[in-house]
1. So residue 104 passes all but one of these: (1) under 14 Å from residue 72 (Cβ atoms); (2) more than 26 Å from the chain's Cα centre (by Cα). Which condition number does it fail?
2. When you check residue 66 against the structure, is it under 20 Å from residue 101 (Cα atoms) and assigned to a helix (DSSP H, G or I), yes or no?
3. Among the candidates 135, 125, which residue alone is in the same structural domain as residue 62 (by TED's automatic domain parsing), crowded, with 17+ Cβ neighbours inside 10 Å and not in a helix (DSSP H, G or I)?
4. May I ask you to verify whether residue 49 is buried (at least 24 other Cβ atoms within 10 Å of the Cβ) and touching a Ser or Thr at 6+ places or on another chain (Cβ under 6 Å)?
5. Can you tell me which condition residue 88 does not meet? The list is (1) in a helix (DSSP H, G or I); (2) in contact with a strand residue (DSSP E or B) (Cβ under 8 Å, 6 or more places away or on another chain), and all the others hold.
6. Quick check on my filter: what residues within region 286-316 are closer than 30 Å to residue 28 by Cβ, of a type outside the set (A, V, I, L, M), in contact with a helix residue (DSSP H, G or I) (Cβ under 9 Å, 6 or more places away or on another chain) and assigned to a strand (DSSP E or B)?
7. Identify the residue in region 126-146 that is in contact with a helix residue (DSSP H, G or I) (Cβ under 9 Å, 6 or more places away or on another chain) and β-branched (Val, Ile, Thr) and, among all such residues, is nearest to residue 116 (Cα to Cα).
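The values are calculated or read from the model by the stated rules, or taken from the named source; none is laboratory data. Everything numeric in this text was worked out from a predicted model, so none of it was measured. When we count neighbours, we look across all protein chains shown, and the Cβ atoms used for this are built from the backbone with ideal geometry, even at glycine.
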Amino acid sequence: MVTVGLAFISALVGWSATAALAAYAQRRPGVAAIGWLVAALGMTVGLSAAVIGAMFDFGELTFRLLQIGISLLGPLYMAWGAFEYGVRSPRGVFTSRLLLSAFTIVPLVVLSVDRVSTRFGDTFPALGDHYDLIPRSLVNVTQVVAAVLLVTAVVAVARRASAHRNADLAVLGLVSLATVLSVLVGRFGLGLVGPLLMLGAVAALWCAAAMVARPRRDPYDDDDYYDDYDDVAEDTEDELPEEPVRRKRRNADPYDDYYDGPPTRQAPPAKLRGVITIYTLADGQGPGFDRLADAVVAQVAEREPDTLLFACHTVPSAPSQRIVYAIYRDELAQEEHEQQPHVVEFARIGANHVVATNVIELSLAGASASDGLAGLLMPR
């Protein structure tokens, strides 16, 4: 009866965790959340079958459901969710999804139809005691793939310069713990300890998902900071100039000081310069990036008269992309814009929200824009 009680508690917590993960996935949609939800559902179905097996002794069906849940779907989808959460390489993500498909379908079919020995008891049965060589080998390979995905995710997060790196490592640590516990119970059964370890596995996954779903306070996410970077300027007054970079005189001649300035001549018309920057944002980073963009747009409008247009656009068909379009009076205006303290801060802090950046520079030869148009586009 002790085994039945422990199995029932672990299954009950598993269903609670599955419901919570479903709510988290709705609150902060993402591929990682979906992966962890599938893992929780697989483990919970297996634990529910284990309750029946503990009450009436395990049979072929309850054994298959338990092992598919805790030895295959649970570890694989927990590791894949961790990889999606920690790795931002498009090529790596694509490869992981191919591996996920291959190591879900084939082992799932084999574990469902391959013959098993029928000598069971009322404790959690070990995988190797009842499956033949082929299903055991497939599960072993799948668990090795899961380990590789987990290690890759941890290394990627550890090497990333991010304000949330410690929190992300804690999330991956909990997912790794849940994966290890599930694998141990599936491979060895562990008698009365098995339900307790599965309870810990489900709880660890639940905690990891809760940490991800909980809104995080960006270290720069406060009203004073986003109010045109006023506090940033105060905190870094020794490093950044208090005044914006001023327009310097071009074509200056040292002999001009001995006369009444350079000779008056009609300067050739300056060519407008344009830059289009396409940002690809990480999952859930849109609001933080948009607040940064609003702050830097306000600063540009106030302090850069030679930046004729500076705007950040969302892309309805691609919610994770932002397009910043800028028009400068000339090349010097572009150089001065890039040296402004608020632009430097925007580039530095925005890197925490961005996974890829594409820059397209335009030379608007033959185009022109009046000051009236600039005033309409960027009221100062």
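1. Exception for residue 104: condition (2).
2. no
3. That would be 125, the only listed residue that is in the same structural domain as residue 62 (by TED's automatic domain parsing), crowded, with 17+ Cβ neighbours inside 10 Å and not in a helix (DSSP H, G or I).
4. The answer is no for residue 49.
5. Condition not satisfied by residue 88: (1).
6. Within region 286-316, 312, 314 meet the criteria.
7. Once the filter is applied, the top-ranked residue is 134.
Rundown of residues vs (1) among the charged types (D, E, K, R); (2) at pLDDT 95 or above; (3) assigned to a loop (DSSP other than H, G, I, E, B), yes/no style:
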| residue | (1), (2), (3) |
| --- | --- |
| 144 | no, yes, no |
| 147 | no, yes, no |
| 162 | no, no, yes |
| 166 | no, no, no |
| 175 | no, yes, no |
| 181 | no, yes, no |
| 211 | no, no, no |
| 221 | yes, no, yes |
| 225 | no, no, no |
